[in-house]
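Have a look at the structure below before the remarks.
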Amino acid sequence: MEDEKYISMAMKIERFEVEGLAQYSYVVSDEGEAVVIDAIRDVDRYLRYAEAQGLKIVAVVETHIHADFAAGSRELVEKTGAVLALSGYDREERFEYAMGHRALKDGDVLAVGRGRLVVLHTPGHTPEHLSFVLYEGQEPVAMFSGDFLFVGSLGRPDLLGEEAKVALAHAMYASVQRMAGLPDGLKVYPGHGVGSFCGAGMGESAETTLGYERATNRFFRMEEEEFVTEILGSTPAMPGYYPRMKALNAVGAVAVAGIVEPRAMTALEVAELREVTLLDARSVEAFSAGHVEGAVSIGLGGNLSLWAGWLLDAGREIVLIADDGDVEEVRVALMRVGLDRVVGYLAGGMESWIAAGLPVAKTRLLRVEDMQRERALAMVLDVRNDTEWESGSIPGARHVMLGDLPNAMAEMAKGSKIITMCGSGYRSSVAASLLERAGFADVSSMDGGTAAWVQAGMELVRE
């Protein structure tokens, strides 16, 4: 998704969104020149845009070494000959850039037409984090804040672990104080929106102004010790794949064109596979009606990239089960989180599996009335996040956030009856498939989740 903004009659800002990761990247352009900020891995989108607008990409920059997606900066530079400009504050840190690049320091300037991007060192989310302030003439008009400043929130400071998070929280406080010299009218373009795990409590808007954040963002009104306590106490769950992404982005993800494309596989070939991950990217309803035993359900159209990155083993080969025409979209979604080992897909989808006479597994989808009748005899497993859980859940439910489920299974009896639930049914289908793959025999998923429960007039309670 692209969203074009005009700073003046000449200068443009184009936002590119990846909804499954709630990630924003930007192209800033003027007088035929363009700078790409925080490029996603499938870089052809920037090349198409540059060609359509008659632009030459002169520089590719990153705000920091990303943890939640595979960056496309290395490939974009290879394809355009642009300058790769990255933070110069990564030396002797846990993650260092290994790609050849121009090292940026505070106050450095990148020209783009008649405009200029001025580097601002804003550590806190990571030690090397940069923001870029866009000037037209002498006036600062916009800031690309990466994972430092979000709408209504700030980036999490705990990516580097317990030993580093307190110092990074203090660094984040200092970065907020650096905003004092910038005007209220400065537009702020963050690196993420609602749905990202890189911060908590983000607002719904895709952009903001510095003045609005000063007036409404609680972190702008705190003294340092309160700030540190609050920001460390507000961090969401840590996706398990984040360290892997940071290591990948430090060296640069390989070009998409260099990844072997998956081959079509017959149902009998898929049936003979061992030690691979079968990923079923069809809808919750389709998976429930019939699937290959042991397949993991992560449907296309939801947060496939996020949950696949979090829950799938990057070291194992992946074979896809998807609707006709969806294989390439699923493959791209996986590459966005560094899952490159997609070796094949089931040709003809589940129809070919059924036609071959192979066994079909099913997962019950429970309606609200089913849930009312059966929950007293089952473990109701609520896999939503902490904030959702705290807002209220079905009476008697147990809370295990979806990302924590693989580790929590050891404490569950495989012979017990389990009903998974979430907000809508998407994550509960993922959870049910993980449990079934692990050998749990009596697993159901609640259709529609808490949304359907509330719509039916049923109460939620706070445990």
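The values are calculated or read from the model by the stated rules, or taken from the named source; none is laboratory data. Since we're looking at a predicted model, the values are computed, not measured. Neighbour counts are summed over all protein chains in view; Cβ atoms, including those assigned to glycine, are modelled from backbone coordinates with ideal geometry. Protein only, heavy atoms only, side chains kept; ligands, DNA and RNA dropped before computing areas. Shrake-Rupley method; radii C 1.70, N 1.55, O 1.52, S 1.80 Å.
For this structure, a couple of remarks:
- Residues that are part of a helix (DSSP H, G or I), open to solvent by 60 Å² or more (accessible area, probe 1.4 Å) and under 23 Å from M409 (Cβ atoms), drawn from the range 437-459: R437
- Lone unmet requirement of (1) modelled with pLDDT of 95 or more; (2) more than 27 Å from E328 (Cβ to Cβ); (3) open to solvent by 20 Å² or more (accessible area, probe 1.4 Å) for G392: (3)
- Selection of helices (runs of 4 or more DSSP H) fully inside the range 214-304 by the criterion of at least 3 residues being exposed (fewer than 14 other Cβ atoms within 10 Å of the Cβ) returns 224-233.
- Tally of residues being under 15 Å from G115 (Cβ atoms) and in contact with a Lys or Arg (Cβ under 9 Å, 6 or more places away or on another chain) across the range 37-54: 0
Condition check ((1) under 18 Å from A286 (Cα atoms); (2) part of a helix (DSSP H, G or I); (3) of a type outside the set (S, T, Y); (4) open to solvent by 40 Å² or more (accessible area, probe 1.4 Å)) across all residues:
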residue: D323; (1), (2), (3), (4): yes, no, yes, yes
residue: E328; (1), (2), (3), (4): no, yes, yes, yes
residue: R331; (1), (2), (3), (4): no, yes, yes, no
residue: L334; (1), (2), (3), (4): no, yes, yes, no
residue: G338; (1), (2), (3), (4): no, no, yes, no
residue: G344; (1), (2), (3), (4): no, no, yes, no
residue: S352; (1), (2), (3), (4): yes, yes, no, no
residue: L365; (1), (2), (3), (4): yes, no, yes, yes
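- Within the range 10-51, the set of residues being aliphatic (A, V, I, L, M) and either open to solvent by 30 Å² or more (accessible area, probe 1.4 Å) or under 27 Å from G299 (Cα atoms) (or both) comprises A10, V18, L21, A22, A39, I40, V43, L47.
- Residue in the range 28-47 that is at pLDDT 95 or above, in a helix (DSSP H, G or I), under 29 Å from D106 (Cβ atoms) and in contact with a helix residue (DSSP H, G or I) (Cβ under 8 Å, 6 or more places away or on another chain) present: yes
- Considering the range 161-213, and only residues there that are in a helix (DSSP H, G or I) and among the acidic types (D, E), the residue that is most open to solvent (accessible area, probe 1.4 Å) turns out to be E163.
- Residues that are without any contact (Cβ under 8 Å) to a residue 60 or more places away in the chain and among the hydroxyl-bearing types (S, T, Y) within the range 100-132 comprise just one, T122.
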